[in-house]
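Below is one structure, written out as structure tokens, with a few remarks after it.
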Amino acid sequence: MSQPEPHVRASDRERHATVRALRGQLRDGRLSETTFVGRLLLAVDARRRGDLDALVADLPARQRWRRRLGPLYGRLGPLYGRLAALARRLALPPVARRSAPVPGELVLPPVPGEYVIGRGDDVDLRLDDLTVSRRHALVMYVHGGWIVADLGSRNGTWLNGWRLPGPAPVGPGDLIDLGSCRFVVVARPAGRDRTFRPLSAG
């Protein structure tokens, strides 16, 4: 099979595949959060296949296990469909319809920078909740505004009810869900203490 030509326009599916690959490399520890978000932004804006290929060219392939588990996924797909149909017949409420928690306030950082949210000890905003990953999400100042990006968390990062496939702009009034924690983004009143501590240099 001939290899795709780099000048051919990239499809949404190819962009999403590159984002998934970058998340896997982040989980493996081969990318820092800053590098991950930078490449994520480039992947979302990429127009050519060659641009997407360049974002993962210096990273090892992670496809071997997918080939081994491919037949298993093929058998599980129909089983999942039958279970979903059974749940609909039994009128089982989906997890997403559980009552949402009362949101707390998330005040944007006082100065431009990069701020990690998670359950670990080395983050800028610590959430003591088991549904939150140790390094769950990143809030970052880019091109005059704030963006939020998931850092490969187990339960995902949700913005206004939508699971984030990549970085997204965030501002006052937006709802952010990290695990079972929900926050509404608010503007910073004058003189208010900082919500985040800045990342240490180096």
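The values are calculated or read from the model by the stated rules, or taken from the named source; none is laboratory data. Because the structure is a prediction, the values reported are computed rather than measured. For neighbour counting, all protein chains shown are included, and Cβ atoms are generated from backbone atoms with ideal geometry for every residue, glycine included. For accessibility, only protein heavy atoms count, side chains too; no ligands or nucleic acids. Shrake-Rupley method; radii C 1.70, N 1.55, O 1.52, S 1.80 Å.
Does segment 18-26 contain any residue that is among the β-branched types (V, I, T), over 20 Å from P165 (Cβ atoms) and modelled with pLDDT of 55 or more?
No, segment 18-26 contains no residue that is among the β-branched types (V, I, T), over 20 Å from P165 (Cβ atoms) and modelled with pLDDT of 55 or more.
Counting only residues that are open to solvent by 30 Å² or more (accessible area, probe 1.4 Å), within 11 Å of T131 (Cα to Cα) and either touching a strand residue (DSSP E or B) at 6+ places or on another chain (Cβ under 9 Å) or assigned to a strand (DSSP E or B) (or both), how many does segment 148-178 have?
1
When segment 43-59 is examined, which residues are found to be modelled with pLDDT under 85 and over 15 Å from the mean Cα position of the chain (by Cα)?
Across segment 43-59, the qualifying residues are D45, A46.
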